[in-house]
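Enquirer: Below you'll find the structure I mean.
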Amino acid sequence: MPDIPNVSFADGVEVPSLGLGTWNMGEHASQAMIEVESLKRGLDLGMTLIDTAEMYAEGGAEKITGQAIAGRRDQVFLVSKVYPWNASRQGVIEACDRSLERLKTDRLDLYLLHWRGEHPLEETVAGFEDLRRAGKIGAWGVSNFDLDDMQELMTVPDGDKCVANQVLYNLSRRGIEYDLLPWCQESGIVVMAYSPIEQGRILRNPELIRIAKAYQATPAQVALAFLLERDSLIAIPKSANPQRVEENAQAAELDLSEEDLAALDGAFPPPGRKTPLEML
Ligand SMILES: NC(=O)c1ccc[n+]([C@@H]2O[C@H](COP(=O)([O-])OP(=O)(O)OC[C@H]3O[C@@H](n4cnc5c(N)ncnc54)[C@H](OP(=O)(O)O)[C@@H]3O)[C@@H](O)[C@H]2O)c1
């Protein structure tokens, strides 16, 4: 079993720094079995954080997740997200109840606002806090928030209870290293890196392939190991293929040398100035 380092949330809860994404799961009934199997394999390997959302397959991914965690809910750190248009104070509560029903559980460990929308942040935060007091969520956070959004969030009542920000971050999207990532790290807010292998698009990069070969590893493993170098960061690769889930889990064992990290900087340059947060 790979030795996956833990990340601590502000409230002391510890989770593995490698979790499981679920985007595109639950779309086709014919894939359901392999999707459930892939998530279960990840859980067996210690990737015990599952990231889902009401958006994914319009609830279908939450249903797949519900099947994967059946009988082992307590081993799992369960994350879901609310659509921005459902994120009024009351709407967030109703959306959470629907997610819980699909997931066949009575609580989420972390509930995120999927991206900023028309409802004032105060309202969404008040709804999240209602849910937390009711024991339906353990904690709440946001997603796709750039630095200015985070700073604004800190000014609303209870905004500082946000524990996580889930954003696009991988070798080819390093903008957050300039400002958002250090700010979150200093503020005790965990960053969840989504699309950590850029949905597969970076895997044919020659430098990534060269470095991977030197470690007898795969390009995906190097891309994930690069992210795991960061403090207070969780990467959530998605795979509906049990072998690739294993491959991704083993990335935790890879220790990249300073020389190879520098080579990656050459192939995927870090930001030299502010770049607006990108979204997929
Ligand atoms: N908050 C947000 O706005 C937001 C946005 C995007 C994503 N997310 C979350 O982040 C998760 C991950 O992001 P993502 O799904 O966009 O992209 P990703 O994890 O970077 O890549 C997933 C793609 O790569 C393939 N793949 C996985 N492991 C592989 C490996 N070892 N070798 C080769 N190919 C591999 C998968 O195919 P197979 O399944 O066939 O293996 C899938 O097509 C999502 O599932 C979702 O939970 C959140």
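No lab work stands behind these numbers, since they all come straight from the coordinates. These figures come from a predicted structure and were not determined experimentally. Glycine also receives a Cβ, built like all others from the backbone with ideal geometry; neighbour counts cover every protein chain displayed.
Enquirer: Would you work out which of V82, C96, A70 lies farthest towards the positive end of the dipole of the range 55-120, given +1 charges on the beta-carbon of Lys and Arg and -1 on that of Asp and Glu, about the Cα centre?
Expert: Checked the options; the winner is A70.
Enquirer: Between E278 and D231, what is the spin-label point distance in nm, taking each point 7 Å from the Cα along the Cα→C-beta axis?
Expert: 2.7 nm
Enquirer: Would you pull out the residues with amide H under 5 Å of F145's amide H, same chain only if 5 or more places away, H placed 1.01 Å from N?
Expert: Distant-sequence amide H within range of F145: Q166.
Enquirer: Can I ask one more? Could you derive backbone 3J(HN,Hα) for the range 150-157 from the dihedral phi with the Karplus parameters 6.51, -1.76 and 1.60 (θ = phi - 60°), listing whole Hz in sequence and x where the residue is Gly or Pro?
Expert: Values per residue, Gly and Pro as x: 5, 5, 5, 4, 5, 8, 8, x Hz.
Enquirer: What is the dipole size for the chain, taken about its Cα centre, with +1 at each Lys and Arg Cβ and -1 at each Asp and Glu Cβ, in debye to the nearest 20?
Expert: Approximately 740 debye in magnitude.
Enquirer: Given an 8 Å cut-off on Cα distances and at least 6 residues of separation, report the relative contact order of the chain as a percent.
Expert: Relative contact order for the chain comes out at 21 percent.
Enquirer: Relative contact order, percent, of the range 143-206 when contacts are C-alpha pairs under 8 Å separated by at least 6 residues?
Expert: Here the relative contact order equals 36 percent.
Enquirer: Suppose every K and R has +1 on its Cβ and every D and E has -1 on its Cβ; what is the size of the dipole of the range 215-280 about the Cα centre, in Debye to the nearest 20?
Expert: Here the size comes out at about 440 debye.
Enquirer: Rounded to the nearest 500, what is the chain's calculated 222 nm mean residue ellipticity when only DSSP H runs of at least 4 contribute -39500 (n - 2.57) each, over all residues?
Expert: Estimated from H runs of four or more residues: -11000 deg cm²/dmol.
Enquirer: I would also like to ask the following. When you count, for each residue, the other Cβ atoms within 10 Å and take the mean per peptide, how do 108-121, 205-218, 16-29 rank with the highest first?
Expert: 16-29, 108-121, 205-218
Enquirer: Give, as a single signed number, the net charge of other residues whose beta carbon lies under 14 Å from the beta carbon of A220, with Lys and Arg counted +1 and Asp and Glu -1.
Expert: With Lys, Arg at +1 and Asp, Glu at -1, the neighbours total +1.
Enquirer: Can you quote the Å³ per residue value for the convex hull of the Cα atoms in the chain, rounded to an integer?
Expert: In the chain, the Cα hull volume divided by residue count equals 117 Å³.
Enquirer: How big is the charge dipole of the range 131-280 about its Cα centre, in debye rounded to the nearest 20, if each Lys and Arg gets +1 on its Cβ and each Asp and Glu gets -1 on its Cβ?
Expert: 600 debye
Enquirer: If you plug each phi of the range 98-111 into the Karplus form 6.51 cos²θ - 1.76 cosθ + 1.60 with θ = phi - 60°, what whole-Hz ³J(HN,Hα) values come out, in order, with x for Gly and Pro?
Expert: Karplus values, whole Hz, x for Gly and Pro: 5, 4, 4, 5, 5, 7, 6, 9, 10, 7, 9, 7, 8, 10.
Enquirer: Something else now. Of the lysine pairs in the chain, how many meet both conditions: Cα atoms under 29 Å apart, and a spacing of 8 or more in sequence or different chains?
Expert: The number of close lysine pairs in the chain is 25.
Enquirer: Pop out the ³J(HN,Hα) list for the range 180-196 in order, Karplus 6.51 cos²θ - 1.76 cosθ + 1.60 with θ = phi - 60°, rounded to Hz; leave Gly and Pro as x.
Expert: Result, ordered by residue: 5, 4, x, 4, 4, 4, 5, 8, x, 10, 6, 9, 9, 8, 9, 6, x Hz.
Enquirer: Could you pull out every residue, at least 5 positions away or on a different chain, whose amide H is within less than 5 Å of the one on G138? Hs are placed 1.01 Å off N in the peptide plane, and Pro or chain starts have none.
Expert: Residues meeting the amide H criterion: L108, D109, L110.
Enquirer: Still on this structure, I have one more. The range 1-79 to the range 85-107: how many Å between their Cα centroids?
Expert: 18 Å
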